[in-house]
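Here's the structure, in structure tokens; my notes come after.
The values are calculated or read from the model by the stated rules, or taken from the named source; none is laboratory data. Computed from a predicted structure; not experimentally measured. Note that we place each Cβ from the backbone using ideal geometry, even for glycine, and neighbour counts take in every protein chain shown. SASA here: full protein model, heavy atoms, side chains in, ligands and nucleic acids out. Shrake-Rupley method; radii C 1.70, N 1.55, O 1.52, S 1.80 Å.
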Amino acid sequence: MTAENLVSPDHIRSLFAQAMSQMYRAEVPLYGDLVELVAAINARVLAQDPALAQSLARTDDLERIDLERHGAIRVGTPAELAVLRRVFAVMGMFPVGYYDLAVAGVPVHSTAFRPVDAAALSRNPFRVFCSLLRLELIEDAALREQAADILARRNIFTEQAVALVEQAERDGGLDQAAAEQFVAQALETFRWHSDATVSLATYQQLHDAHRLIADVVSFRGPHINHLTPRTLDIDAAQDGMIAAGIDAKAVIEGPPRRACPILLRQTSFKALNEPVRFAGDGGVGSHTARFGEIEQRGLALTPKGRALYDQALEQARAAEGSTGSDYYARLEAAFAGFPDDWDTLRREGLGYFRYQLTDAGRALPAAERALPAEVLIERGLASADPVIYEDFLPVSAAGIFQSNLGGTEQRAYAEQANQAAFEAALGASVGDAFALYAGIEQASLDALAA
């Protein structure tokens, strides 16, 4: 095979994202309703806000809006996580960030597999939030050992999928025919299976330890548990779900509604209660795992901005967490001191921006535009557009997980975050999201200067 025959990882990622969306729409028809709802809202927002449309067009984000999805899966063993990393690498997706959800009562730690450079993100920003079960958090030693034995007996990847990963690693990629085969085989890992691999009694034991443990351990594959389109107005999406009779979660996770969106806001419809046939005794029951989520992405914050965000969120949640009818009022009050205009956010170094010359700036001789970026912006010779946040928020992720596990249980795990153990299981270090955003901003400044 020659290099000329190989297709790009971006192309394979697009094929996979489309196939995943089609599969999930067939399995969870309400997801299709979300996609249509979000498309209508986005069209309306862009028509009403030409400045936003122009900003998205300048940064190549406009074309990706309709394609944009993120999914989430949960795996049970380090071996599963390590192979999954290799599967995603074929698609140009790499682990970025470490998330400890145990502190929020969910016995997993996680990373996000995603494209890492601006060009790949503009082609297709598909990302998957991947969590690894922390078996050490199961308090019952016998149950912990039983769960480990169950997981050790399963293989979540097809032989052909693994062979195609090895081929891509050996040849530096895949051609079109092999890419299509790879997508079809990789998709099998994420497919829903209504037959459990454990008995009803074992499922109930795992369920009593934590609903998420039952979800990870009881099936032959991790099954994607949600797929998420990106909206430009999540409050309208929340209202639209409620108006359509969709059982939406009560609270939008993340920051409050703002004129200048930051980071990530998320909502979802409640997880489906799905029939399951159990092994051994042939028992029949149900399981709640899969749901539909909507997200709104905003400005990627610098470490300074993120510290301010975390402080405000902690203040809002200090009394009653994200519960209570006054939560939104508490949230808005806590964020009142967080600047809400692009110029202040930029000048105070709270967020990352992408700079480029305007038509007026490009019309000037190079010598006349050799000025600091802020001067160019003040004179209308350059623009500064928000760098979109591509990652996740651990408190928000835990809130989404907890609201869709079908219960009101709360766990308090004493175990501390263990990034070293996670990276050992992964077989690689996770990327530094701040460094990636800073690189995108710096590249645009370098281009401006050149």
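Here are a few things to note about the model shown:
- The lone exception for Thr267 - which of (1) crowded, with 22+ Cβ neighbours inside 10 Å; (2) in contact (Cβ under 8 Å) with a residue 60 or more places away in the chain it fails: (2)
- Applying the set (1) touching a residue at least 24 places away in the same chain (Cβ under 8 Å); (2) more than 30 Å from Ile388 (Cβ to Cβ); (3) touching a helix residue (DSSP H, G or I) at 6+ places or on another chain (Cβ under 9 Å) to Ser194 leaves exactly one unmet item: (3).
- Residue within region 349-365 that is modelled with pLDDT of 90 or more, within 22 Å of Ala312 (Cα to Cα) and open to solvent by 50 Å² or more (accessible area, probe 1.4 Å) present: no
- Cβ-Cβ under 6 Å pairs, at least 6 apart or on other chains, region 128-140 side modelled with pLDDT under 85, far side open to solvent by 10 Å² or more (accessible area, probe 1.4 Å): Leu137/Tyr413; Leu137/Glu415; Ile138/Arg144; Ile138/Ala209
- Hits in region 41-51 - residues which are of a type outside the set (Asp, Glu) and either surrounded by 14 or more Cβ atoms within 10 Å (Cβ to Cβ) or touching a strand residue (DSSP E or B) at 6+ places or on another chain (Cβ under 7 Å) (or both): Ile41, Asn42, Val45, Leu46
- Residues of region 283-297 that are surrounded by fewer than 19 Cβ atoms within 10 Å (Cβ to Cβ) and out of contact with any Asp or Glu (no Cβ under 8 Å at 6 or more places or on another chain): Gly283, Val284, Gly285.
- Close pairs (9 angstrom Cβ cut-off, 6 or more residues apart or separate chains): acidic (Asp, Glu) in region 418-447, open to solvent by 40 Å² or more (accessible area, probe 1.4 Å) and not in a helix (DSSP H, G or I) anywhere: Glu423/Tyr98; Glu423/Ser429; Glu441/Arg354
- Of all residues in region 1-32, those satisfying the criterion of being open to solvent by less than 80 Å² (accessible area, probe 1.4 Å), farther than 18 Å from Ile224 by Cα and not hydroxyl-bearing (Ser, Thr, Tyr) are Ala3, Leu6, Val7, Pro9, Asp10, His11, Ile12.
- Under the condition of being under 27 Å from Leu174 (Cβ atoms) and either charged (D, E, K, R) or out of contact with any Ser or Thr (no Cβ under 9 Å at 6 or more places or on another chain) (or both), the residues counted in region 92-112 number 3.
- Yes/no for Ala51 being under 27 Å from Tyr355 (Cβ atoms), without any contact (Cβ under 8 Å) to a residue 60 or more places away in the chain and either among the small types (Gly, Ala, Ser) or in contact with a Gly (Cβ under 7 Å, 6 or more places away or on another chain) (or both): yes
- Annotation: of all residues in region 353-387 being over 12 Å from Leu445 (Cβ atoms) and among the charged types (D, E, K, R), the one that is nearest to the chain's Cα centre (by Cα) is Asp385.
- Residue ID - most open to solvent (accessible area, probe 1.4 Å), chosen from residues in region 101-138 that are among the polar types (S, T, N, Q) and more than 23 Å from Ala82 (Cβ to Cβ): Ser122
- The one condition in (1) over 23 Å from Phe219 (Cβ atoms); (2) open to solvent by less than 30 Å² (accessible area, probe 1.4 Å); (3) in a strand (DSSP E or B) that Tyr98 fails to fulfil: (2)
- Screening Phe278 on (1) touching a residue at least 24 places away in the same chain (Cβ under 8 Å); (2) within 20 Å of Phe129 (Cα to Cα); (3) open to solvent by less than 30 Å² (accessible area, probe 1.4 Å) shows it passes everything except condition (2).
- Any hit, region 57-79, residues being open to solvent by less than 30 Å² (accessible area, probe 1.4 Å) and part of a helix (DSSP H, G or I): no
- Against the test of being within 30 Å of Ala43 (Cα to Cα) and free of Cβ contacts under 8 Å to residues at least 40 places away in the same chain, the options Asp247, Asp341 yield a single qualifying residue, Asp247.
- Residue list for region 218-235, filter: touching a residue at least 40 places away in the same chain (Cβ under 8 Å) and either hydroxyl-bearing (Ser, Thr, Tyr) or surrounded by fewer than 18 Cβ atoms within 10 Å (Cβ to Cβ) (or both): Ser218, Arg220, Thr228, Thr231
- Single match in Gln176, Gln181 (criterion: modelled with pLDDT of 95 or more, touching a strand residue (DSSP E or B) at 6+ places or on another chain (Cβ under 8 Å), closer than 25 Å to Gln18 by Cβ and open to solvent by 60 Å² or more (accessible area, probe 1.4 Å)): Gln176
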